[in-house]
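Novice: I am attaching a structure below and will ask some questions about it afterwards.
The values are calculated or read from the model by the stated rules, or taken from the named source; none is laboratory data. Not measured: the values here are computed from a predicted model. Neighbour counts are summed over all protein chains in view; Cβ atoms, including those assigned to glycine, are modelled from backbone coordinates with ideal geometry. What goes into the accessible areas is simple: the full protein's heavy atoms, side chains included, and nothing from ligands, DNA or RNA. Shrake-Rupley method; radii C 1.70, N 1.55, O 1.52, S 1.80 Å.
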Amino acid sequence: MRPPDRLRAMGRALLFRRSLSLLLVLLVFGGIMTAAYPDIFLSRYNFSSILLNMSFDVMVVVGMTILLIGGEVDLSVGWNLSMSGVIYALLMTRLNLPLAVALPVTLAIGAACGALVGWIVAYVGVNSFIATLAAGLVYYGVEFWLAGGQSVTHLGPEVTSIGMASWLGQQLPVWYAAGVVVVFLYLMNRTKAFRQYTYIGMNAQVARYSGIPVARMKLLAFVISSVLASFAGLISAARFANAILLVGQGMELKAITAAMVGGISFTGGVGTLAGALLGTLFIALVNNAMIIATINAFWQPIFIGVVLLGAVVLDVVLLRVGSSVGRTRPTSKAAQPPAAPE
Amino acid sequence: MGAAGEPGRVVLSARDIEKSFPGVKALKGVSVDFRAGQIHAVCGENGAGKSTLMHVLAGAYPADSGTILYEGKPITLHTQHQANTLGIAIVYQERSLVPGLTVGENIFAGRQPRRLGLVDWRAVERGARQTLAQLGLEIDPRQLVVELPAALQQMVEIAKALSVNPRVLILDEPTATVTQRESEVLFGLLRRLRDGGLAIVYISHRLAEIFQIADHVTVLKDGAFMGTEEVSKVDEKWLIKRMVGRELYVTRAPSPEAGERILEVEGLSDGDRFREVGFHLRAGEILGFSGLVGAGRTEVFQTLFGLRARQAGRVRLFGKPVRITSPREAIALGLGYLPEDRKEQGLFVEMAVCDNIVAAALDRCRRFIELDRKKVLRFSEEYRSRLSIATPSVEQKVLNLSGGNQQKVVLAKWLLVNPRILVVDEPTRGVDVGAKLEIYSILRQLREGGTSIVVISSDLPEILSIADRIYVMCEGRIAGEIQGSAATEESLLSLSSRFEPPGGPARPAGGEA
Amino acid sequence: MTAGQQAGAIRPAASRPPGAAPAVLRRLARNRVAVLLLILALYNLVFAVLRPASFLSLDNYLSILVNMSIESFIVIGITILLVTGNLDLSLGANMALSGILCGLLIKYSHLGLGEILAVTLVASIAMGAVNGYVIAYVGVNPIITTLATAFAYQGVAVWLAGPGFTDFPDYFKVYGQSRWLGVQGPVWYMLGITALFHLLLSNAPFFRNFYFVGGSKRGAAMSGIPVARTVFSAFVIAAVLANLAGVVTASRFNSSMTSIGTGVELRAVTAAVIGGVAFTGGSGTILGAVLGALFLAFVNNGLILLGVEPSWQNVVVGIILILSIVIDVATRRRR
């Protein structure tokens, strides 16, 4: 191949195979940690605790990824999660409802919230950033009101039954998360219905012209994200035996970060669920490493911030390299005068 | 305006301009002179290099080689702003105005008059009023741009360009988004400016307009200069021959017997761009919809396809009344719509050819709930060979294909849906000649195969050579219906151009359907 | 006779896009400042009736103003950024870090107050400059960039803070805690800064360029406006305002902690959007945004006076935010 072709191919591989390069980074990172802290890092206890803490993030990331690929965002998932935990706990402790009722009701509330927000974004046309920002505020207020301003603590065994047990050595939340991952990896990668999100995120107008039910799919994505966040919230309450009011704070930004590190583009249409999950794993490993190495907690966000920034800058630079080398003919955009930097 | 220039003096010259992009040589040594007091049209098919030449002259990109002479002196242009300062102004199709700001402020963008370091709003208003008045525009400079209709925004764009008192004004397809009546007013404005000594470069591929407004015309084809002549001395055939190089349109094949009416439309109106539209389509025919831009043809079919809201009217499809509210429904009922703007409406430019081809027919590629990649590739390969789409692989991004091949990809997408009625909107816009002929042949084959086709086109020879029957729309209404065999360019043009007397919006016409 | 007076002059038709509200309502809705003032007036009327004793007191009004005063600096910074079509999610961290740096330097260095303020200002500007450079010159999406830098800056803040700083000397506390004519310092700062920036954004050519850049990048470039430099400056200005907010906070509350400023960016966006600033750029005024913040402050206050649970405040704010956007969308709809 001629040098420009080779460069282009390399760039493309790095760009499109973000999952691969991330996997590589993870393996290297894991290798370093194993070498430095062989007993602690590779222990079963460590392994389990990483997985446990990750499981809630994973459920939120799955929903967020579907939305991001479809070109939207949900800034309310953190509060949704917290609110659902509170609702679940209260349904069982104050109203004394059995698990079989409290669980579906909580999820149904989550679904209804998602449907309302989704309708506002997809059918009324409100910007999703603002709409979900507002929704988050509402959830925050509702949960505080319902809980009387205090976290709901000391939840009894009926509440925690679905969260506290273990199976095959791992705690239940890990299995729930695994189930969600398996289901949605299949849906996103293989099914026709979810493939449509890529089209919608690439260009919603063209998707509409092609007969893809854009509004309906976006609504669905918001419902999914909401239900998953709800589920994560109630499982969290179950596992930790209390519904903490601020438990979900900042989760949406964390999920967006994980997705971006994993290759999801904020503008839509680009990236895979597998990549986003690897991004989540990456952040979880970094967190874990910092704890083991007893590095002060503040290094974690610094590290994450730098990595995220590096990743997206690299994206932009590679895109420029790729386009100047790979473009064979000027499209209407290229033919327009470029927005001159100066 | 009155730029100092005796008519005939050469203001701007291009000499042997060459410009290449990766993979294509857009300009191959083009030389043209533009004179003060003249409207000089530059025409050619899309891809001929008119846009590129215009960008080079306006300073948007540098030429690879060749010289630009301004007022007789060679200059090097680095930025558009520099060209502006020198006196070369350009108005693009895309709006560059800020909708949330006033007309006056937009006109003075980047160079607001100042007083004590702050913007002198009175001077802005005064200056803008003056500029607008000189152009015959009664627009209040304090009005927000967003409140003006699109055509007036275009006028403000022109006013903005003119406010720097340029010697040369370059216009890129200025009538692309305005109605017939608005074009007339625009032309009046341009004529006044020309008489005041401005050199006007008018880029267009609309031949009818060139004869209306231009004094001189230059033809470009595939980046090469094909000739310059006074407009009064040439006719359309002269232009087409240079634009295209050969007789483009084959003689009409005799129309087959048309079947029963499969689409009947009565009194259709959307309350905005068209009203009282009534027509019918027969099985097995190719129906043409002619008319100038803004006539409402695209809007009619977008409404039928479920993309726009219908306000009134009745539609019968295959004998049954229907009310289509989404493209999804339309496709399910057997309709297909190949849109006007393939980059914004027809293609996912960053996605692969195969992904684009199956985009409207994802259900056909299903295996239970899964998307069967093998089927996707199989269909794509099938259409790649059937339509002769030139691409190294079906996994190539559509972005990298030529205009003609991109259009074939969109066509493949709609063929895969297997519609009984396919509407194609400007099917050969921006398509090279070879691909054009292929597309016509594909459409004819479709008709043989039983698909009925509606062709919306502003290209008269195109419609004449391919349509069995033609409706002409003008200003939102059907102006007439002509059999393909009986139609001529003159008859189509005259029906398209009938416009309302000044002073009132269109009223229900008496007489013709 | 000008060309315009001949037959065929072009004037805008009195047309109305179908489905849009009547012209008067639209014109009104567009002048968001007028709408907000009207609503505020009505609000005051209602509460004067409902809670005359507690609402109509000077103390109450002052407390409303003082509670919103510091975050109003951020509102102004966010507004400028939104006008250019950008956003900065790291302003809260910037604020916290500014306060912490002050505390750090006061406690451990022998620098005078002026030098300390200068150092923290430079630090804030540097933080804003990083954002500005990556977004304006490299071209990365502003949300991701500032998200990343927010993480980083917050981390640095935590690193430097330790347990936090408190017990500031009087020469520092005076800025946040003094009163003039009976009104607290921060309120005066807010009034001054709002007036200054409103004037600048409405009338200074350099600031008007923000609108052009936000409205049409290409158009701005064509008009000779240096787009990247303009966007970069917006980030720096916002950073300076964040610095101010952080220092005054530390001064007023006599402590600097890392939790300062959490979530302030989104609250500021809320205020700005209610105040008529378009999320997509190219329109909106400082006055509108600050009135939006004032409106929210009144709402919070009102809910407290009515004895409504504090948690409902957020619900109400969320609903107001959605409503204001829906109204925007509805009055703008063209088909």
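Novice: Please report, in debye to the nearest 20, how large the charge dipole of the range B:72-160 is about its Cα centre when each Lys and Arg carries +1 at its beta carbon and each Asp and Glu carries -1 there.
Specialist: Value, rounded to 20: 400 debye.
Novice: Per 20 Å bin, what percent of the C-alpha pairs of chain C does each bin hold, from zero upward?
Specialist: The distribution over chain C is 28, 55, 15, 2, given as percents.
Novice: Give me the Kirkwood hydrodynamic radius of the range C:35-193, using the inverse of the mean 1/r over all pairs of distinct Cα atoms, in Å to one decimal.
Specialist: When all Cα pairs of the range C:35-193 are included, the Kirkwood radius is 18.3 Å.
Novice: Using a 1.4 angstrom probe with every protein chain in place, what is the largest-first accessible-area order of A:TYR197, C:TYR171?
Specialist: Final ranking, largest accessible area leading: C:TYR171, A:TYR197.
Novice: List every residue whose amide H lies under 5 Å from the amide H of C:ALA278, counting only residues 5 or more places away in sequence or on a different chain, with H placed 1.01 Å from N in the peptide plane.
Specialist: Answer set, sorted by chain and number: C:SER283, C:GLY284.
Novice: Per-residue HN-Hα couplings for the range A:264-278, Karplus 6.51 cos²θ - 1.76 cosθ + 1.60 at θ = phi - 60°, whole Hz, x for Gly and Pro?
Specialist: Calculated HN-Hα couplings, in order: 6, 8, 5, 8, x, x, 10, x, 10, 5, 4, x, 4, 5, 4 Hz.
Novice: Let me ask another. Normalised by the residues of chain A, what does the relative contact order come to in percent, with Cα pairs under 8 Å and at least six apart?
Specialist: Answer for chain A is 32 percent.
Novice: Report, by chain and number, residues whose modeled amide H sits under 5 Å from the one on B:VAL11, excluding near sequence neighbours (fewer than 5 apart, same chain).
Specialist: Under 5 Å from the amide H of B:VAL11: B:PHE34, B:ARG35, B:ALA36.
Novice: Each label point is 7 Å from the Cα along the Cα-to-Cβ direction; what then is the distance between the points at A:LEU20 and B:THR67, in nm?
Specialist: 5.2 nm
Novice: If each of B:GLU236 and B:GLN396 carries a label point 7 Å out from its Cα toward its Cβ, how far apart are those two points in nm?
Specialist: Result: 3.5 nm between the two label points.
Novice: Can you run phi through the Karplus equation (6.51, -1.76, 1.60; θ = phi - 60°) for the range B:381-391 and list ³J(HN,Hα) in whole Hz, with x for Gly and Pro?
Specialist: Along the range B:381-391, the couplings run 4, 4, 6, 4, 7, 4, 9, 6, 7, 7, 8 Hz.
Novice: Mind putting a number on the dipole of chain B about its Cα centre? Charges go on the C-beta only, +1 for Lys and Arg and -1 for Asp and Glu, and I need it in Debye to the nearest 20.
Specialist: The dipole magnitude comes to about 820 debye.
Novice: Could you name the lysines in cross-link range of B:LYS237, using Cα to Cα under 19 Å and dropping any fewer than eight places away on the same chain?
Specialist: Cross-link targets: B:LYS221, B:LYS436.
Novice: For a quick size check, give me the Cα extents of chain B along its three principal axes, largest first, whole Å.
Specialist: 71, 53, 49
Novice: Under a 5 Å amide H to amide H cut-off, with H placed in plane at 1.01 Å, what residues pair with B:VAL201 once short-range neighbours are removed?
Specialist: Result for B:VAL201 returns B:HIS40, B:LEU169, B:ILE170, B:LEU171.
Novice: Measuring from label point to label point, each 7 Å out along Cα→Cβ, what is the C:VAL299 to C:ILE327 span in nm?
Specialist: A separation of 1.1 nm, rounded to one decimal place.
Novice: When only C-alpha pairs under 8 Å and at least 6 residues apart count, what is the relative contact order of chain C, in percent?
Specialist: RCO, chain C: 33 percent.
Novice: With r defined as the distance between the Cβ atoms of C:THR280 and B:GLU381 and R0 fixed at 41 Å, what FRET efficiency is calculated, to the nearest 0.05?
Specialist: About 0.45, to the nearest 0.05.
Novice: Next question. Leaving out ligands, DNA and RNA, what percent of the accessible area of the range B:52-120 is carbon and sulfur, probe 1.4 Å?
Specialist: That fraction is 55 percent.
Novice: Could you run the Debye sum over the Cα atoms of the protein assembly as shown, one equal point scatterer each and no solvent, and tell me log10 of I(q)/I(0) at q = 0.04, 0.07, 0.08, 0.09 Å⁻¹, two decimals?
Specialist: Log10 I(q)/I(0), no solvent term: -0.24, -0.77, -1.00, -1.25.
Novice: Sort B:TRP414, B:TRP238, A:TRP167, C:TRP188 from largest to smallest accessible area, using a 1.4 Å probe on the heavy atoms of the protein chains.
Specialist: Descending accessible area places them as A:TRP167, C:TRP188, B:TRP238, B:TRP414.
Novice: Can you give the FRET efficiency for C:ARG51 and C:PHE206, using 1/(1 + (r/R0)^6), R0 = 45 Å, r = Cβ-Cβ distance, to the nearest 0.05?
Specialist: Result of the calculation: an efficiency of 0.50.
Novice: Using the per-residue mean of other Cβ atoms lying within 10 Å as a proxy for protection, in what order, highest first, do the peptides B:324-330, C:230-236, C:162-168 fall?
Specialist: Top to bottom by mean Cβ count within 10 Å: C:230-236, B:324-330, C:162-168.
Novice: In addition: Inside 10 Å of the C-beta atoms of B:100-111, what's the mean count of C-beta atoms belonging to other chains?
Specialist: 5
Novice: For the modelled label position 7 Å from the Cα of A:VAL183 along Cα-to-Cβ, which residues of the range A:223-247 have backbone nitrogen atoms closer than 20 Å?
Specialist: A:223-239
Novice: Using the beta-carbon distance between C:ALA129 and A:ASN296 and R0 = 30 Å, what value does 1/(1 + (r/R0)^6) give for FRET efficiency, to the nearest 0.05?
Specialist: So, using R0 = 30 Å, E works out to roughly 0.70.
Novice: Still on this structure: Take the Cα atoms of chain A, find their three principal axes, and give me the spread along each one in whole Å, biggest first.
Specialist: Between the extreme Cα coordinates on each principal axis of chain A lie 70, 55, 40 Å.
Novice: Whole number in Å², please: accessible area per residue of the range C:165-317, 1.4 Å probe, ligands, DNA and RNA not counted.
Specialist: Solvent-accessible surface per residue comes out at 35 Å².
Novice: One quarter of the convex hull surface, Cα atoms only: what value does that give for the range A:172-304 in nm²?
Specialist: 9.2 nm²
Novice: Buried accessible area for the A:C pair, summed, 1.4 Å probe, in Å² rounded to 100?
Specialist: Accessible area lost upon association: around 3700 Å².
Novice: In addition: Between 0 and 90 degrees, rounded to the nearest ten: what's the tilt of helix C:205-215 against the longest Cα principal axis of chain C?
Specialist: It is inclined by approximately 70 degrees.
Novice: Further, regarding this structure: I'd like the interface area for chains B and C: accessible area of each alone minus the complex, both sides summed, 1.4 Å probe, protein heavy atoms only. What is it in Å² to the nearest 100?
Specialist: About 2900 Å² of accessible surface is lost on pairing.
Novice: Another question, if that's okay. Report, ordered by chain and residue number, the aspartates and glutamates lying within cross-link reach of B:LYS73, taken as a straight Cα distance under 20 Å and ignoring same-chain residues fewer than 8 apart.
Specialist: Within the straight-line cut-off, B:LYS73 pairs with B:GLU6, B:ASP16, B:GLU18, B:ASP33, B:ASP64.
Novice: To the nearest 20 debye, what charge dipole does the protein assembly as shown have about its Cα centre, counting +1 at the Cβ of each Lys and Arg and -1 at the Cβ of each Asp and Glu?
Specialist: 700 debye
Novice: Could I ask something else about it? Along the charge dipole of the protein assembly as shown, Cβ charges K/R +1 and D/E -1, which of B:HIS40, C:VAL66, B:ASN106 sits furthest on the positive end?
Specialist: B:HIS40
Novice: Take the Cα atoms of the range B:197-356, build their convex hull, and give its volume per residue in Å³.
Specialist: Convex hull volume per residue, Cα atoms: 206 Å³.
Novice: Follow-up. Tell me, what is the percent relative contact order of chain B, built from C-alpha pairs under 8 Å that lie six or more residues apart?
Specialist: 15 percent
Novice: Convex hull over the Cα atoms of the range A:40-135, averaged projected area in nm²?
Specialist: Hull-based average projected area comes out at 8.4 nm².
Novice: Just the accessible area per residue of chain A, please: how many Å² with a 1.4 Å probe?
Specialist: Heavy-atom SASA per residue in chain A reads 41 Å².
Novice: In addition: As a test question: what accessible area, to the nearest 10 Å², does B:ILE357 have when a 1.4 Å probe is rolled over all protein chains in place?
Specialist: About 0 Å², ignoring ligands and nucleic acids.
Novice: Using the charge dipole of the range A:92-216 (Lys, Arg: +1 at Cβ; Asp, Glu: -1 at Cβ; taken about the Cα centre), state which of A:TYR140, A:ALA215, A:LEU97 has its Cα farthest towards the positive end.
Specialist: It is A:ALA215.
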